[in-house]
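All remarks here apply to the structure that follows.
Each reported figure results from applying straightforward, stated rules to the coordinates on display, with no laboratory input. Bear in mind the structure is a predicted one, so any value in this text is a computation, not a measurement. Here Cβ is always computed from backbone atoms with ideal geometry, including for glycine, and neighbour counts include all displayed protein chains.
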């Protein structure tokens, strides 16, 4: 069986690239394709030395730094990849990869990280945050996103099987594309996070400080609970808002960006990790559970697939400081076993992901 793996674009090693890494591990004979490939040499190890076939986007002027600005050309580009010689086509898609063309006798399985958020329900938020709500640039972007929506829904018919990375993304797929999907959770390197039974008396937030993470709400909540210690790890454009919300409270420690070893140690020893974002999945949540650490999280999004409420953590139902305070106080009455948290995290291991994807392909070929 000839296998092709198609990824959106290669420029950094992040969550979607970890999916590609495990697809390559499961189908090491596969050929690799992408819209463009600007991955640095030091991050290319997960590709196992395999060459990547790219599209004409790779050769456009200034593409190395600005390839995302060619979004309007990407549907055309992805459709130019000749995959006619492959029996199995696996696409890793959050924008255009699922749009590759296949024919009878070929099986196309698309692993979908999300429909294009900025073209669907998050369009208005995207335009607002980019300062493009008005003006000619905003008008052009609205027109572009309208065209991308039409293509996105039409190309959603291309895959034979659609795989969603969480139940939450499955709902987004159903809403945007009117298609059913199979849920296979993304792979998490749980072996990198060892179980640690002994906990210390502090709560942990570890995240990039961007608006949707809502870290300022967590800081505000703990400022109003001076008897509880909070450690915040991370940096980013929303850092001033987080510092303002903490307002110099003695019980809140802002640690900035830390090395991996120190971050893992804090995650292992925290009494609980707190997450306030509505995530597509939430790999950091699984990593906390792998350390044996309970999680207190906003009860929407991918967290609902991860946390076992009352067993490995609990949810708060509103993105407000009051709701977080209520959840943290309720956590006092919760008896959580670190070993149970670890066992829960094992559901999301590399091996579990590869086995699930292999089952999807085998079931589709029957």
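What relative contact order, as a whole-number percentage, does region 39-151 give when Cα pairs under 8 Å and 6 or more residues apart are counted? Could you put the intermediate results ahead of the total?
Working: 93 pairs, mean separation 19.6, N = 113.
Once divided by the residue count of region 39-151, the mean separation gives 17 percent.
Pop the C-beta distance of residue 140 and residue 82 into the FRET formula with R0 = 45 Å and round what comes out to the nearest 0.05. Can you show the working numbers first?
On the way: r = 32 Å, r/R0 = 0.71.
Computed FRET efficiency for residue 140 and residue 82 comes out at 0.90.
How would you classify region 190-348 from its alpha-carbon gyration tensor, with a ≥ b ≥ c the square roots of the eigenvalues: rounded for a/c under 1.5, else prolate if a/b is greater than b/c, otherwise oblate?
Details: a/c = 1.43, a/b = 1.32, b/c = 1.08.
Rounded is the answer for region 190-348, as its axis ratio a/c remains below 1.5.
Modelling each spin label as a point 7 Å along the Cα-to-Cβ direction, I'd like the residue 44/residue 365 distance in nm, to one decimal.
Once both label points are built, they end up 3.0 nm from each other.
Name the most mobile residue of 61, 338, 28, meaning the one with the largest mean-square fluctuation, in a Gaussian network model of the chain with Cα contacts below 10 Å.
For the chain, modelled as a Gaussian network with Cα springs under 10 Å, the answer is 61.
How many angstrom separate the Cα center of region 232-277 from the Cα center of region 292-351?
Computed from Cα coordinates, the inter-centre distance equals 18 Å.
Determine the shape class of region 116-207: with a ≥ b ≥ c the square roots of the Cα gyration tensor eigenvalues, call it rounded for a/c under 1.5, and otherwise prolate if a/b is greater than b/c, oblate otherwise. Please list the in-between numbers first.
On the way: a/c = 3.69, a/b = 1.51, b/c = 2.45.
Because a/c hits 1.5 or more and a/b fails to exceed b/c, region 116-207 counts as oblate.
Calculate the spin-label point distance for residue 326 paired with residue 73, positioning each point 7 Å from the Cα along the beta-carbon direction, and give it in nanometres.
5.2
If I stretch the segment between residue 235 and residue 200 completely, what's the gain in nm (0.36 nm per residue apart, minus their alpha carbon distance), one decimal? Don't skip to the end; give the middle numbers.
Details: separation 35, 0.36 × 35 = 12.60 nm, distance 2.35 nm.
Gain in length upon complete extension: 10.2 nm.
Could you give the length gained on full extension between residue 121 and residue 253, defined as 0.36 nm per residue of separation minus the Cα-Cα distance, in nm?
Working: separation 132, 0.36 × 132 = 47.52 nm, distance 3.54 nm.
Answer, rounded to one decimal: 44.0 nm.
Using only the Cα atoms, work out Rg/Rh for the chain, with Rh taken as the Kirkwood radius, to two decimals.
Computed over Cα atoms, the ratio is 0.98.
Once you keep just the Cα pairs under 8 angstrom separated by 6 or more residues, what percentage relative contact order results for the chain? Before the final figure, lay out the partial values.
Values: 697 pairs, mean separation 48.4, N = 366.
Over the chain, the number comes to 13 percent.
Using packing as a proxy for protection, rank 127-133, 286-292 so that the peptide with the highest average count of other Cβ atoms within 10 Å comes first.
On the way: 127-133: 13.3, 286-292: 27.6.
Ranking, from highest mean packing down: 286-292, 127-133.
Using 0.36 nm per residue, how much length does the chain from residue 29 to residue 62 gain when fully extended, once their Cα-Cα distance is taken away?
Working: separation 33, 0.36 × 33 = 11.88 nm, distance 3.27 nm.
Extending this stretch completely gives an extra 8.6 nm.
Mind running the shape call on region 49-124? Use the C-alpha gyration tensor, a ≥ b ≥ c as the square roots of the eigenvalues: rounded below 1.5 for a/c, prolate if a/b tops b/c, oblate otherwise. Could the numbers behind the result be given before it?
Numbers: a/c = 2.09, a/b = 1.23, b/c = 1.70.
Oblate shape, in that a/c is at least 1.5 and b/c is the bigger or equal ratio.
Could you work out the helix-only [θ] at 222 nm for the chain, with each DSSP H run of four or more residues adding -39,500 (n - 2.57) and the total divided by the number of residues, to the nearest 500 deg cm²/dmol?
Working: 14 runs with 135 residues, N = 366.
Helix-only estimate at 222 nm: -10500 deg cm²/dmol.
Using label points projected 7 Å from each Cα along Cα→Cβ, tell me how many nm separate residue 265 and residue 244, to one decimal.
If labels sit at residue 265 and residue 244, their model points lie 3.4 nm apart.
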